[in-house]
Amino acid sequence: MSIPAHLDPQVKEHAARVLAGMREFAASMIYAAVLTDDGFEVADYSDGRTDASRMASMSSSVQALSDAVARELRIGTAEYVIIASDQGHVLQRRVPGQPLVLAALFDTYETLGKAIAVSKMGAQRMAHSPASEPGPAPAPTAVPEPAPADPAPIVAAVPPRDETTPRSIYAPPVSASGW
Amino acid sequence: MTSAEWDYARSSAGEGPRYVTGWGNSAVEIHRVGTIPVPVTMRLEVADHPPIVIDFARRTYSATLPFDRYPIHPGSVAITAEAVAPGSPAPFPGIGVQLDGLLWAVGITAFEGSAAPWLRPSDRYRLSRWPNFTELPHTMDYIRMTALLGAGFLSLPELCAGASVSVGQAQRILNALSLMGGLQVVGGVEEPTMVLRQDAADQPRGLFGRLRARLGL
Amino acid sequence: MAEHVILFTGPMGAGKTTAIEKLSEIDVVRTEAANTERQVADKATTTVALDYGEIVLDDQDKVRLYGIPGQRRFDFMWTILKERAKGMVLLVHNDADDPIGRAVEYLDEFADLYAKGGVVIGITRIDIAPGPSVTDYAAALAVAHPDKIVPIYTVDPRQRDQMRTLLMTLVANIETRDMFVERVPQREELVAE
């Protein structure tokens with residue numbers, strides 16, 4: 001039986017590097033975690049105010065519920081989930097090909113587009129196992145392309161917008177080199 | 001227990017076979033022996049059928065035929081009861097099956113809807129433990145009556161009214177539960193603190209009734 | 001329209017999802033994830049949010065069956081769902097570590113439902129572990145909660161009839177509690193006092 005990801009030192013170390021890399025790109029990232037599908041924390045980047053274990057469990061439930069909704073509506077696989085609130089937005093998505101989820105909390109100053117892009121980058125890097133790609137992950141050099149091409153997200157909660165301060169939800173497109 | 005009490009209990013178990021007619025008289029004997037406070041084994045022999053052997057201490061019994069394969073009205077049942085030393089091996093090979101299954105079957109059928117002789121008309125009853133209904137043949141009325149008995153002390157007429165069942169149906173379950181030792185019984189005329197509401201009869205629009213209809217139970 | 005929410009609780013591996021599948025009239029909504037705790041329950045997946053099934057009573061009403069994750073780390077789901085629950089089917093697998101202790105733990109966690117008679121216990125996997133017996137469970141619960149008599153059945157969640165017996169027992173137990181009122185003393189009793 002293989003070692004579960006949350007008990008595997010190599011996977012944990014790799015996950016920690018991925019999260020640190022995300023933080024380099026998005027200073028607005030307040031908290032992020034990689035967790036197993038069944039809600040165990042593999043690694044987290046935290047402000048110290050967030051209970052990482054509890055968040056891992058909740059993110060696991062949210063991901064599974066989102067998958068269930070997508071299945072029920074026959075709209076394919078849930079690519080990512082957004083919980084938008086007035087003091088930040090949570091974005092989470094599955095790690096491609098792995099029984100893992102990446103969840104991140106960004107403050108409201110971050111554009112949603114950048115948050116989506118950064119989380120996508122993190123998930124893609126996390127998908128490469130430490131065994132197949134030993135050594136430190138390459139440092140990102142640019143913010144990746146925002147992710148308007150992603151399949152329809154499942155928005156778990158959307159607060160009323162303040163119409164007096166409209167803003168785009170997407171960051172301007174920038175170079176995607178290195179991603 | 002003093003040695004005099006022990007001797008009395010042992011002698012209560014009886015010696016040699018007693019011959020009784022029908023399951024009703026057998027139930028009386030089972031009820032009597034089942035309350036003796038020493039380990040007792042019992043053997044019931046119906047002519048031309050394999051014996052039923054009871055180990056009261058372990059609350060198990062053994063029979064090679066299911067109860068419904070025995071005659072409904074056995075002409076003669078030879079009953080032998082014997083007090084045994086604590087820790088004695090079971091009186092049959094293997095571990096037997098739960099005694100409740102036999103006591104339930106005997107209690108439900110033995111008196112054909114009349115009261116068991118150890119119960120009195122003025123008694124009130126309350127459940128002291130739930131029977132394991134997944135192991136016992138049952139109807140939804142039995143479940144509802146058991147739930148009522150679990151909620152408060154009830155007389156026979158109150159049980160009938162609360163569950164909308166006949167006296168015979170209610171009496172059968174009281175006989176069975178009391179034979180299994182699953183009832184608290186209090187005598188006398190004093191009414192309990194909690195009583196059944198006047199409009200408590202089974203409401204077909206209640207969830208139990210609706211679910212029962214939906215599931216065809 | 002009344003809301004009839006029944007929870008299915010108990011440790012991971014007790015058979016909650018199977019039980020709901022046997023009772024539900026719709027395809028059960030499942031939220032399963034790969035199980036990394038194979039040493040706790042040797043199964044490939046585990047429920048991480050909820051299972052949902054229903055029995056339709058009529059155009060207006062449904063009995064909603066919610067299975068909740070067994071692991072304590074998902075207790076936020078317990079909190080969300082127990083607020084709405086009318087009753088709870090507690091399934092405990094007999095081959096778990098300290099199954100009686102687990103049962104008592106869940107009853108303490110759902111004390112409100114327990115207090116109003118809204119609990120029935122199903123002991124599963126007795127073919128794997130015949131003991132402890134129903135009597136052992138009843139004795140332990142009588143110590144922890146001497147004022148309540150809880151229905152305790154041995155069950156196989158794969159058996160629809162048994163799951164229906166469990167559900168109907170729960171509903172009967174909840175409804176009959178409401179059929180009793182405090183007795184009003186008769187006039188002569190008051191005079192005597």
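FYI, it's all coordinate maths here, none of it is from the lab. Keep in mind the model is a prediction, meaning the values are calculated, not measured. With ideal geometry, Cβ positions are generated from the backbone for all residues, glycine too; neighbour counts draw on all protein chains shown.
Note down the Stokes-Einstein diffusion coefficient of the protein assembly as shown in µm²/s, whole number, using a Kirkwood radius over alpha carbon pairs, 25 °C, and 0.890 mPa s. Stokes-Einstein gives a translational diffusion coefficient of 88 µm²/s. Multiplying the residue separation of B:Phe67 and B:Leu217 by 0.36 nm and removing their Cα-Cα distance gives an extension gain of 51.6 nm. By the rule of a C-alpha distance below 17 Å, with chain neighbours fewer than 8 residues away ignored, the aspartates and glutamates paired with C:Lys82 are C:Glu3, C:Asp51, C:Glu54, C:Glu105, C:Asp108, C:Glu109, C:Asp112.
Packing-based ranking of C:104-116, C:158-170 yields C:158-170, C:104-116, ordered from highest to lowest mean Cβ neighbour count within 10 Å. Take the Cα of C:Arg183, step 7 Å toward its Cβ, do the same at A:Gln124, and the gap between the two points is 7.8 nm. What FRET efficiency, computed as 1/(1 + (r/R0)^6) with R0 = 56 Å and r the Cβ-Cβ distance, is obtained for C:Asp98 and B:Tyr19, rounded to the nearest 0.05? In this case the efficiency is close to 0.70.
Take every Cα-Cα pair in chain B and report what % of them are more than 26 Å apart.
On the way: 9614 of 23436 pairs.
Everything past 26 Å amounts to 41 percent.
Bridgeable aspartates and glutamates around A:Lys114 (alpha carbons under 18 Å apart, same-chain partners fewer than 8 residues away excluded): A:Glu24, A:Glu79, A:Asp86, A:Glu145, A:Asp150.
Mind pulling up the Rg/Rh value for the range B:94-177? Radius of gyration and Kirkwood radius, both on Cα. Kindly include the intermediate steps, with their values, before the conclusion.
Details: Rg = 12.6 Å, Rh = 13.1 Å.
Rounded to two decimals, Rg/Rh equals 0.96.
Pairwise Cα separations in the range B:138-192 fall into 5 Å bins from 0 onward with the following percentages, short to long: 4, 19, 35, 27, 13, 2, 1.
Mean per-residue shielding of peptide A:59-71 is 5, counting Cβ atoms of other chains within 10 Å of each Cβ.
Both numbers refer to the Cα atoms of the range C:53-193; Rg and Dmax are 17.9, 62 Å. Partner lysines whose Cα lies under 18 Å from the Cα of C:Lys148, excluding those fewer than 8 positions away in the same chain, are identified as C:Lys86, C:Lys116.
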